[in-house]
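Supplied in structure tokens, the structure appears directly below.
Laboratory data are not the source of any read-out in this text; all were calculated from the coordinates shown. Since this is a predicted model, take the numbers as computed values, not measurements. Using ideal geometry, Cβ is built from the backbone for each residue, glycine included, and neighbour counts are taken over all protein chains shown.
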Amino acid sequence: MSAVAFVIGLLLVGGLLFLGASLLLGRGETQPPAEADRSPVELPEDRPVVGDDVRALRISVAVRGYRMTEVDWLLEQFAAVLDERDAEIATLRGELARRPAPVVDVDQDTDPGTTPAGAGERGTEGEGRGA
């Protein structure tokens, strides 16, 4: 009789553990898709996103959410890359502003990177034929 009570107790404890884990972790259903016209985070629409915009983001945590430290680290890395990009763009724009404007010869009929028609045609007729 004690073996039957042991098996029933074991099944009862196992069932309670399974039920508790199911309630705590969910039943495996997928989350509903996000609304297309609504974003849980706000980014500026009237200007480019900068590093401080990313640093100011706060993503909400759900019951089965995410690891806050990993997401915060990722957002910090993304913000640093945006800051580096913006600094490089500012440097390049500064260099471009310091350069003198190129002089364009309006008398020239062709683009500077091309040769005039017929310029490279002389002297090539017998080359490479072995005659």
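What residues of the range 77-97 lie in the reach of a label at Asp46, counting those whose backbone N is under 16 Å from a point 7 Å from the Cα along Cα→Cβ?
Taking a point 7 Å out along Cα→Cβ of Asp46, no residue of the range 77-97 has its backbone N under 16 Å.
Next question, about the same structure. Cα convex hull of the range 46-101: how many Å³ per residue? Mind dumping the intermediate values first?
Working: hull volume 4.5 nm³, N = 56.
Residue-normalised Cα hull volume stands at 81 Å³.
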